[in-house]
2 protein chains.
Amino acid sequence: MDQNAPQTSARSPQQYAARAKVAKALAHPSRLFMLDLLGQRDLCVQELTQKVGADQSTVSKHLAVLRDAGLIESRREGTSNYYRVTCGCLDDFFRCLEAAVKPETETDSSVACDEGCST
Amino acid sequence: MDQNAPQTSARSPQQYAARAKVAKALAHPSRLFMLDLLGQRDLCVQELTQKVGADQSTVSKHLAVLRDAGLIESRREGTSNYYRVTCGCLDDFFRCLEAAVKPETETDSSVACDEGCST
DNA sequence: CCAGAGTATGGCTATATTGCCATAAAGCCA
DNA sequence: TGGCTTTATGGCAATATAGCCATACTCTGG
């Protein structure tokens, strides 16, 4: 990679890898659905399995990915394992992205980011 | 999936797929690096190839992924193809995530999201 | 038109991800 | 302890992704 970048950029490769890991955890429809559900209230694996409609082991592995990325935390309650989200940024972030991305695939392009985005 | 969700959630599978596509585009260190660079100023493929240090075809394919996700746009200038980012949300988003995620892998956990996050 | 710079795409292999089944691990209760 | 519920993990096959080389495509200048 390049050295002496002028301003905000030029992060370390480790930082990019860490961010990529988080993004990778978000890069699956089922996991996004689970995050949305967990954003409403804590749920255990069984409940999530029911709502997602996949195998229990699949859901458990998805949850492991999200937890490894630091996006959710777990809390035991008897034999159940309840999960909760650790950050509420996700929704705002995707809303912003959709405001910038949707117009491109529908009507025109450019602008539009100003509507739902701070920058 | 489940019906009648109370509040914000319960999006359509298409919406989750679209979000996953964007997240997948972000799920690679080189692409994050390229987005950071493009956030500073527009760059052509040749310049990006130089800075990233990978094969030109690899960089071109990364750019195609980012463009398909709607994260960047291109503009021809002679034989060169200059790219620019379409949304500045990314930096804020990752900063927020890191504020919520880092503490978990370093010292304690929980809280911390309030520091850099609106929610 | 021709040559060359700049970019995109096809083809290929190596690696990673996904999702299921089977099964192990952990905790509760009789 | 034994049986039950709930989760997590190992293993496997199908699919997707990453990166390179080679090459086709596009535009400019002579």
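The values are calculated or read from the model by the stated rules, or taken from the named source; none is laboratory data. Keep in mind it's a predicted model, so treat the numbers as computed, not measured. For neighbour counting, all protein chains shown are included, and Cβ atoms are generated from backbone atoms with ideal geometry for every residue, glycine included.
Side notes on the structure shown:
- Test: B:ASP55 is among the acidic types (Asp, Glu) and more than 9 Å from DNA strand C (Cβ to nearest atom): no
- When residues of the stretch B:30-49 are limited to those that are within 13 Å of DNA strand D (Cβ to nearest atom) and polar (S, T, N, Q), the one surrounded by the fewest Cβ atoms within 10 Å (Cβ to Cβ): B:GLN46
- The condition of being near DNA strand C (Cβ under 9 Å from one of its atoms), within 7 Å of chain A (Cβ to nearest Cβ) and surrounded by fewer than 21 Cβ atoms within 10 Å (Cβ to Cβ) holds for only one of B:LYS24, B:LYS61, that being B:LYS24.
- Counting only residues that are closer than 21 Å to A:VAL22 by Cβ and within 6 Å of DNA strand D (Cβ to nearest atom), the stretch A:50-65 holds 4 of them.
- Filter pass, B:VAL111 being at pLDDT below 95, outside any helix (DSSP H, G or I) and not charged (D, E, K, R): yes
- Counting only helices (runs of 4 or more DSSP H) that fall entirely inside the stretch B:1-71 and contain at least 3 residues that are at pLDDT 95 or above and farther than 30 Å from A:GLU47 by Cβ, the qualifying elements are B:29-40, B:45-52, B:56-68.
- Which numbered condition A:LEU66 fails, given (1) more than 10 Å from chain B (Cβ to nearest Cβ); (2) in contact (Cβ under 8 Å) with a residue 12 or more places away in the chain; (3) surrounded by fewer than 14 Cβ atoms within 10 Å (Cβ to Cβ): (3)
- The set of residues in the stretch A:72-89 being crowded, with 20+ Cβ neighbours inside 10 Å and either outside any strand (DSSP E or B) or away from chain B (no Cβ under 14 Å) (or both) consists of A:THR86, A:CYS87, A:CYS89.
- Of the residues making up the stretch B:90-107, not a single one is modelled with pLDDT of 90 or more, loosely packed, with under 15 Cβ neighbours inside 10 Å and more than 8 Å from every other protein chain (Cβ to nearest Cβ).
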